Amino acid sequence: MDEKTLLKAAAEAAENAYAPYSGYQVGAAALGEDGRLYTGCNVENASYGLTNCAERGALFAMVGAGCRRFTLLAVCAKGAAAPWPCGACRQVMAEFCQNGDTPVLVRGGDGVIMRSTVGGLLPEAFSLKGAPPCRS
Ligand code: THU
């Protein structure tokens, strides 16, 4: 599956975002090592702290379906600001990525695509069990 397909899936997922408080719609698409595509969108709540980001939505869907590793993640937002993953999502990405070189693509509403890796986004991820996948 190519990057363009993943970005398109993330943009489509952003359409489902429930973001009445921020007005900022985000979608994410993760390619599982099983070859399947998993998507998520941000889901906000009147109790703001309960908000779940698009990235975690996609990764939790992947784990819920029985897949524990992703090989590529794309994130798209409808607002101009680029949706660089928040700290919490970076830690979750570190837990379920294939390795530190796993690519992360970020596209804001202006269409500009930026690239990083899970290890680049969170070089010293927390782990209780020695090195997490992002450092191996
Ligand atoms: N958000 C995401 O879903 N992913 C990101 O990468 C950045 C932020 C959401 C959380 C909240 O619903 C809204 O964007 C504004 O912070």
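In plain terms, the chain from THR51 to ASP101 could stretch by 15.2 nm, reckoned as 0.36 nm per residue minus the Cα-Cα distance. Averaged over its residues, the range 8-136 has an accessible area of 48 Å² per residue, based on protein heavy atoms and a 1.4 Å probe. Within the listed set PRO83, PRO123, PRO103, the residue fluctuating most in the Gaussian network model of the chain (springs between alpha-carbon atoms under 10 angstrom) is PRO123.
Would you mind telling me the share, in percent, of accessible area of the chain contributed by carbon and sulfur at probe 1.4 angstrom?
With neighbouring chains kept in place, the figure for the chain is 53 percent.
When the chain is modelled as a GNM with alpha-carbon springs shorter than 10 Å, which of VAL106, VAL43, VAL118 fluctuates the most? Evaluated over the chain, the most mobile residue of the options is VAL43. Based on C-alpha pairs under 8 angstrom that are at least 6 apart in sequence, the range 30-136 has a relative contact order of 23 percent.
Treating the beta-carbon of each Lys and Arg as +1 and of each Asp and Glu as -1, no other charges, what is the dipole magnitude of the range 85-136 about its Cα centre, to the nearest 20 debye? Intermediate results must be reported in sequence, preceding the final value.
On the way: 5 positive and 4 negative charges, 9 e Å.
Dipole about the Cα centre, nearest 20: 40 debye.
The values are calculated or read from the model by the stated rules, or taken from the named source; none is laboratory data. In this text the structure is predicted, and so the values were computed from the model without any measurement. Quick reminder, even Gly has a Cβ in these numbers, built from the backbone with ideal geometry, and neighbours come from all protein chains shown. Surface accessibility is based on the protein's heavy atoms, side chains included, excluding ligands, DNA and RNA. Shrake-Rupley method; radii C 1.70, N 1.55, O 1.52, S 1.80 Å.
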